[in-house]
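Q: First the structure, which I've put down as structure tokens, then a few questions once you've had a look.
The values are calculated or read from the model by the stated rules, or taken from the named source; none is laboratory data. In this text the structure is predicted, and so the values were computed from the model without any measurement. Methodologically, a virtual Cβ is constructed for each residue, glycine included, from the backbone with ideal geometry; neighbour enumeration extends over all protein chains shown.
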Amino acid sequence: MSAGGNKLRVAVIGAGYVASHHLAALAALDFVEIIAICDTNADAAQALAKRHGGQALRDAGALAALQPDIVHVLTPPASHARLAMLALEMGAHVLVEKPMADSVAECEAMIAKARECGRLLGVNHSDLLDPVVQQALQAVRDGRIGDVVSADIIRNSEYPPYAGGLLPASVTQGSYPFRDLGVHGLYTLEALLGALAPPQVTFQSSGRDPNLHFDEWQAVVAGERGIGRLLLSWNARPMENRLIVRGTRGLIEADRFLQTCRIRRALPGPKFVGIVVGAMLDAATTLAKVPWNVMRFATGRLKPSPGIRSGAAAFAHAVQRGEPAPFGGEAALRIAQLLEPACAEPDRLRRDQLSARLQPLEPADALVTGAAGFLGRALVTALRARGERVRVLVRRPVAAFAADPGVQMVVGDLGDPGIVGHAVAGVATVFHVGAAMRGGPREFEAGTVWGTRNIVDACLQHATPRLVHVSSLSVLDHAGRRPSSPVTEASTLEPYPERRGAYTQTKGIAEACVRDAIARNALPAVILRPGQIFGPGAERSTPNGTLSIAGCWIAVGSISRTLPLVHVDDVVEAMLLAAGSDAAVGKVFNIVDPQSVTQKQYLAACRRKLGDGLRLLHVPTWSFMLLATAVELLGAVLGRPVPLTRYRVRSLRPLENFDLTAAQTVLGWQPRVGVERGMAATFGFETTEHPSLVEGHTGDIREADA
């Protein structure tokens, strides 16, 4: 206990996912007082402090003044050693999340510091405290499956997408997945099999996630009592988290996701009968146990991540009683000694790969971000046709660019300030086309917001002569505008971007970032807001006012409304004009073809082109509003954000009635391809000049009340 009170004073460093479980466990202990939550992300620390109590701090050093009895270090592993030793020097006992540290040397230093300070140092080997793993361990100790022969751990996982900024260890460390989850597997295998020999580890890269390089891992390890195998995947689905222990008289299968533990023993009698009876008993057990666990989870009796919570509580009890930590530094050091040699080669390979991305580049005429996308590829083609030397920034290597000696390919993420600065240096014009088009908030944050900030900062740093930023008409007010009012560059911006979704919200932030740099730093930038870009290759993109849900296109409201179309080559033309026009610097331009095409005509063209591959449904606005109302009510009951709201339905109507004076007079832009020729090339027949062709292929598309 603390010197002046009856409760243990506990501080937590790190306000991420794991912290919420530690804090929930600590809050349930009547002998614990949570005094502080520390994180460089002040908002995250404040949110947890509001829920669990204590002060929100940004600097771990400020904890010394609060005199904590216990400090939980829940930050990325690279900072574990520094923060743990800082807390030990404050006189606190320390619990560190796994892995203990990034190197054996750091682990040894932490153990030495704990001895010097006379304090407990614990490492949260939480899988061993998971209820079903404990059941399995107890069954092994009781001899229920005879002598152990082998143990297999199968685990699939996924990481939150990279959200931009300084590259995290999950991106820069080739061994990160094995350090993160392999540690669980190794200490669990040690508990089952006894002392472990160095594991034989293999790793592969599927290439599915450019920010998680080695995403398939296998390890085989010899233990005193049997062979252990570990299979980790960030690609295989459905998700698994299973432990299988095989013995001479039976096997144990623990499913940590479903929280079930089945023991199948060898039955007397014919082999086949035993197999069948065992399978039937397993099925019956699963049929009973899984619904029961679902009910326990729904009612709060079964907590998520129970092992993490148990580890946090067990360490507090150990300090209170003056007992050793459940899993001390020496236990974690043994696992670190197994991990370190296995991690050296993947770390070296990843370091070399990332270093190669920063090799010196010859000056280039232009940089194109988002060059692998529909518009980006068309722009690169046009620039190369003009004889320009082009640099592209792409997340994955593109074979066509690699084969062109006039294209310099830089591989990296727009959210990474380092790679963006490298790509921008030495180019005359930056065409910023890249942005997130799908995914969750973190993908949009990295690709659109961080990406644009990084581009702006790099252009200012390197005094880039011209930036052409591709924004979007989605930044304009859709729900509140009067259809009869012309749409100009000065039209009202979206007043509630958070209601429209991540795409609109982040595109608005990105455009505001460029505008601010123009106003404050005289950034020589031009902002273009293209309409709905179409052309050959974009036939499967839904038009404005149409949603794609489960492979079905749903046109909402009146399909007699016109679409703000513009052919991809005409957008490229506008970008090239913006790059060469001094009069355009500092201005915004809407880029939309003046010729009108209705949603009905466009959908009919898509139907003719795609045939039976296109499932199309038209619903009136009022029916979709009823659905949105129900979804909103459900979200309110569950306390969760929902993908469909009434405001989003009102915002589905396409913008129309454009005043294109600015683009025509300042840029000198006129569509060269135009809607008519573009539709003919894209869909294989003319639509606007020959509406009868459209009417003959409308299929099930019918007009309805908006």
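Q: Within the stretch 386-396, take every residue that is at pLDDT 95 or above and within 28 Å of the chain's Cα centre (by Cα) and give me the one that is surrounded by the most Cβ atoms within 10 Å (Cβ to Cβ).
A: Filtering first and then ranking leaves L393.
Q: Does the stretch 181-191 contain at least one residue that is outside the structural domain of P77 (by TED's automatic domain parsing) and within 22 Å of the chain's Cα centre (by Cα)?
A: Checked against the condition, which is being outside the structural domain of P77 (by TED's automatic domain parsing) and within 22 Å of the chain's Cα centre (by Cα), the stretch 181-191 yields at least one hit.
Q: Here is a follow-up. With the checklist (1) surrounded by fewer than 18 Cβ atoms within 10 Å (Cβ to Cβ); (2) free of Cβ contacts under 8 Å to residues at least 24 places away in the same chain; (3) in the same structural domain as S175 (by TED's automatic domain parsing) in hand, flag the one item R264 doesn't pass.
A: For R264, the exception is condition (1).
Q: Checking the conditions here, which among L528, L547, L493 is touching a Phe, Trp or Tyr at 6+ places or on another chain (Cβ under 7 Å) and hydrophobic (A, V, I, L, M, F, W, C)?
A: L528
Q: Among Y162, Y187, which is crowded, with 19+ Cβ neighbours inside 10 Å, of a type in the set (F, W, Y) and more than 30 Å from G439 (Cβ to Cβ)?
A: Answer to the check: Y187.
Q: Which of the following residues is more than 21 Å from A314 (Cβ to Cβ), in contact (Cβ under 8 Å) with a residue 40 or more places away in the chain and out of contact with any Pro (no Cβ under 8 Å at 6 or more places or on another chain): A19, A42, A47, A60?
A: A60
Q: Are any of the residues in the stretch 601-615 at negative phi, surrounded by fewer than 16 Cβ atoms within 10 Å (Cβ to Cβ) and free of Cβ contacts under 8 Å to residues at least 24 places away in the same chain?
A: yes
Q: Among residues belonging to the stretch 673-691 that are modelled with pLDDT under 95 and not in a helix (DSSP H, G or I), point out the one that is surrounded by the most Cβ atoms within 10 Å (Cβ to Cβ).
A: T687
Residues are listed down the side, and each one gets a yes or a no for (1) free of Cβ contacts under 8 Å to residues at least 12 places away in the same chain; (2) part of a loop (DSSP other than H, G, I, E, B); (3) of a type in the set (V, I, T):
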| position | (1), (2), (3) |
| --- | --- |
| V631 | no, no, yes |
| L644 | no, yes, no |
| Y647 | no, no, no |
| P654 | no, yes, no |
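Q: If I filter the stretch 248-261 down to residues being closer than 20 Å to L189 by Cβ and over 40 Å from the mean Cα position of the chain (by Cα), which single residue comes out as surrounded by the most Cβ atoms within 10 Å (Cβ to Cβ)?
A: G250
Q: Moving to a separate point now. Take the conditions in contact with a Gly (Cβ under 6 Å, 6 or more places away or on another chain), surrounded by 13 or more Cβ atoms within 10 Å (Cβ to Cβ) and assigned to a helix (DSSP H, G or I) and apply them to F297. Does it pass?
A: No: the conditions fail for F297.
Q: Here is a list of conditions, (1) surrounded by 15 or more Cβ atoms within 10 Å (Cβ to Cβ); (2) closer than 30 Å to A519 by Cα; (3) of a type in the set (A, V, I, L, M, F, W, C), and A583 meets all of them except one; can you say which number that is?
A: Just one mismatch for A583, condition (1).
Q: State yes or no: is I419 among the aliphatic types (A, V, I, L, M), buried (at least 16 other Cβ atoms within 10 Å of the Cβ), under 30 Å from A92 (Cα atoms) and not assigned by TED's automatic domain parsing to the domain that holds A105?
A: No: the conditions fail for I419.
Q: Search the stretch 473-498 for residues being of a type in the set (S, T, Y) and in contact with an Asp or Glu (Cβ under 8 Å, 6 or more places away or on another chain), and hand back the single one that is surrounded by the fewest Cβ atoms within 10 Å (Cβ to Cβ).
A: The extreme case among them is T492.
Q: Is it the case that A27 is in contact with a His (Cβ under 6 Å, 6 or more places away or on another chain), closer than 24 Å to P326 by Cα and surrounded by fewer than 21 Cβ atoms within 10 Å (Cβ to Cβ)?
A: yes
Q: What are the residue pairs meeting all of these: first residue in the stretch 451-462, first residue surrounded by fewer than 24 Cβ atoms within 10 Å (Cβ to Cβ), second residue in a helix (DSSP H, G or I) and not hydrophobic (A, V, I, L, M, F, W, C), Cβ atoms under 8 Å, and 6 or more apart or on different chains?
A: Close Cβ pairs satisfying both conditions: D457/P417; D457/G421; A458/P417; A458/G421; L460/N521; Q461/G421; H462/G421.
Q: Determine which member of the set A331, A325 is farther than 15 Å from A101 by Cα and crowded, with 18+ Cβ neighbours inside 10 Å.
A: When all the criteria are applied, what remains is A325.
Q: Can you spot a residue in the stretch 237-253 that is basic (K, R) and under 30 Å from D209 (Cα atoms)?
A: Yes, that holds for at least one residue.
Q: Still on this model: Being among the aliphatic types (A, V, I, L, M), in contact (Cβ under 8 Å) with a residue 60 or more places away in the chain and assigned to a helix (DSSP H, G or I) is the filter here; which residues of the stretch 98-115 pass it?
A: Across the stretch 98-115, the qualifying residues are V104, M110, I111, A114.
Q: Which residues, taken from the stretch 267-291, are of a type in the set (A, V, I, L, M, F, W, C), farther than 19 Å from V133 by Cβ and loosely packed, with under 15 Cβ neighbours inside 10 Å?
A: If the condition is that a residue be of a type in the set (A, V, I, L, M, F, W, C), farther than 19 Å from V133 by Cβ and loosely packed, with under 15 Cβ neighbours inside 10 Å, then F272, V273, I275, V276, V277, A279, M280, A283, A284, L287, A288 are the ones that fit.
Q: Restricting the stretch 139-155 to residues that are touching a residue at least 12 places away in the same chain (Cβ under 8 Å) and more than 41 Å from the chain's Cα centre (by Cα), which is surrounded by the fewest Cβ atoms within 10 Å (Cβ to Cβ)?
A: Taking the candidates together, the pick is D147.
Q: Next up: Answer yes or no as to whether S623 is closer than 21 Å to R648 by Cα and hydroxyl-bearing (S, T, Y).
A: It is true that S623 is closer than 21 Å to R648 by Cα and hydroxyl-bearing (S, T, Y).
Q: Moving on. R396: closer than 25 Å to T506 by Cα and touching a residue at least 60 places away in the same chain (Cβ under 8 Å), yes or no?
A: Considered against the rule, which asks whether it is closer than 25 Å to T506 by Cα and touching a residue at least 60 places away in the same chain (Cβ under 8 Å), R396 comes out as yes.
Q: For the condition closer than 26 Å to K303 by Cβ and small (G, A, S), what is the one hit in S126, S206?
A: S126
Q: Among the numbered conditions (1) within 32 Å of the chain's Cα centre (by Cα); (2) crowded, with 17+ Cβ neighbours inside 10 Å, tell me where D593 comes up short.
A: Answer for D593: the failing condition is (1).
Q: Scan the stretch 47-67 and give yes if some residue there is charged (D, E, K, R), part of a loop (DSSP other than H, G, I, E, B) and surrounded by 24 or more Cβ atoms within 10 Å (Cβ to Cβ), otherwise no.
A: no
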